[in-house]
1. Filter the stretch 387-416 down to the residues that are within 15 Å of C353 (Cα to Cα) and of a type in the set (S, T, Y) and list them by number.
2. Within the stretch 467-474, identify whether any single residue is in contact (Cβ under 8 Å) with a residue 12 or more places away in the chain and under 30 Å from N239 (Cβ atoms), and answer yes or no.
3. What residue, among those in the stretch 182-222 that are within 17 Å of V99 (Cα to Cα) and among the charged types (D, E, K, R), is nearest to the chain's Cα centre (by Cα)?
4. Just for the stretch 496-513: of the residues that are of a type in the set (A, V, I, L, M) and modelled with pLDDT of 95 or more, which one is surrounded by the most Cβ atoms within 10 Å (Cβ to Cβ)?
5. Suppose the filter is part of a helix (DSSP H, G or I) and not aliphatic (A, V, I, L, M); does F194 pass it?
6. Identify, by number, the condition in (1) touching a residue at least 40 places away in the same chain (Cβ under 8 Å); (2) touching a Gly at 6+ places or on another chain (Cβ under 7 Å); (3) outside any loop (DSSP other than H, G, I, E, B) that D223 doesn't meet.
7. Do we have R449 as free of Cβ contacts under 8 Å to residues at least 40 places away in the same chain, out of contact with any strand residue (DSSP E or B) (no Cβ under 9 Å at 6 or more places or on another chain) and basic (K, R) here?
8. From the list Y542, Y549, which one is of a type outside the set (D, E), assigned by TED's automatic domain parsing to the domain that holds I474 and at pLDDT below 95?
Amino acid sequence: MRGIGKRIVRRDSVSPIDCESPLLGRLFAARGLESAIELDHSLRGLLPPSGLRGIHEAAEIVATAIEAESTILIVGDFDADGATSCALLVSSLKAMGVVSVSYLVPDRFKFGYGLSPEIVQVAAEFGPDLLVTVDNGISSQAGVALANNTGMQVIITDHHLPGAELPAAAAIVNPNQPDCHFESKHLAGVGVAFYLLSAVRAELRARGWFDSRTEPNLAEWLDLVALGTIADVVQLDQNNRRLVSEGLRRIRAGRARPGLNALIEIAGLDRANLLTRDLAFSIAPRLNAAGRLQDMTLGIECLLATGSRAEELAYHLDELNKERRDIERNMRDEALEVIDALSLEGEKSAGLCLYRSNWHEGVVGIIASRIKERTYRPAIAFAPVSDGELKGSGRSVAGFHLRDALDALATENPGLLLRFGGHAMAAGLSIKEADFDRFCHAFNNQVTRVLGNAGLEQVVTTDGSLDEEITLEIARLLELAAPWGQGFSEPQFDDDFEVLEQRILGGSHLKLLLQPSRGRPVDAICFDHPGLLEARHIHCVYRIEVNRYRGREQPQLVVLLIA
């Protein structure tokens, strides 16, 4: 495979905002902040629930169900956002005094995603009066219709993009539904669920429900909101930064769910200094492993558990994640063999589709992500499910809205897509195995139409030169300055260095000692770089972190790109 072009582009120079550090002032201004006031992450600045269309109706329905001691069933999704949403609703509703609340998560291998008619039939066995979806349901017209006919009242809470027709639910809460003027369109499913709970609590308070009961402090569940928000890679706008910041603060203070604390411990993380990247790359994969390989019920139970049970479930999730890594490694090697044999400058390589009959459907999303990272092209990985059907998971690049592209393909090619849904950067779909080649051709044409060749060059955006000595103080400052994440990216710089020492670590990583233009030499690591460097002087893109080992702290560079 020919090398994929990567172009380093420095952010435009802007006037720094006035804050505790000139460096932070520059970084925050480059991310669109105009005042230090926007650095206030307190909960009092959260957008009010009243801005969400349908939330008043939903809160009234839930409050009435609570007063009537109705049976409530939560139907979730099999990813980390869905798991945290389920655990959040079940736990907090019980704290509000709900007598009967349970949850159901579709087995991805039997039922697939969402409130399908098949999962409604399973839900009916619980005998619910009220069914509430979390992180799904906005496209479940048939499932909601069946639930209505079965005698259930249905509330949809979701954040996915809706289709042309909305389900006939009693209430829908989704910031992305038509005529919803909620200022933040980037709530994760767990964020929408949190807002519903806030509205329900206010409704119950107005009805006098808490006159004889303890009113729960919903901030106690923000550890779950932070985890689900980061895991689902939604944009960290100011509203989400408030939710995540407070959730992180509670986790660092030791006030997280016992199950989450157990996951942090088994991952070997420093809880007191936990970062958003720890949630994204260490905790979320362990939680997601349950939904990918078995049943997300295991993940939800871990988040709800206490004591030794939480530790047992965290251990089980950790073992599943190890199994997931092994499966992923084999699938990734097969995928990269195919990719490496391609000429990515050909007319058939704008959008990449890969399928192997031995691939695991629970891991194809990770494989699509790896292909996208390697090639900087929209990629979809497929695995067989049953009856000649393939299930695919896609990841996209900037400028190519994946869910909208699939919608266009479905319109232009009736019958080609059996099901689809998702976001701009990630989506899922099902097609017939016999239509794989036809789909690949149509998908590639769609990518070519939208992006052309110019859109397939990866631009690596940096914050320019650090212009300061790399010190432990700088590393600490950057780590804790903000909840970094999607849309509010962690700072990365590009500078020249002299290579003083280098060695291969663990067979696949490059450990370096680099001399910057000013200050002392600094340790650095370049992951997935199994070869030594020939050049003595390099220009690289890097971020700065605190390396904590055996009670010692020192700055370390994580090299992201060697130009």
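1. S393, S396
2. yes
3. This residue is R201.
4. Restricting attention to the stretch 496-513, the residues satisfying the condition of being of a type in the set (A, V, I, L, M) are 499-500, 504-505, 510, 512-513.
This time we only want the ones that are modelled with pLDDT of 95 or more, so: 499-500, 504, 510, 512-513.
Working: V499: 18, L500: 12, I504: 13, L510: 20, L512: 26, L513: 15.
By that ranking, first place goes to L512.
5. yes
6. (1)
7. So R449 passes the test.
8. Details: Y542 fails: at pLDDT below 95.
The conditions single out Y549.
The values are calculated or read from the model by the stated rules, or taken from the named source; none is laboratory data. Owing to the predicted nature of the structure, the values given are computational and were not obtained by experimental measurement. Note: ideal-geometry Cβ built from the backbone for every residue, glycine included; neighbour counts use all protein chains shown.
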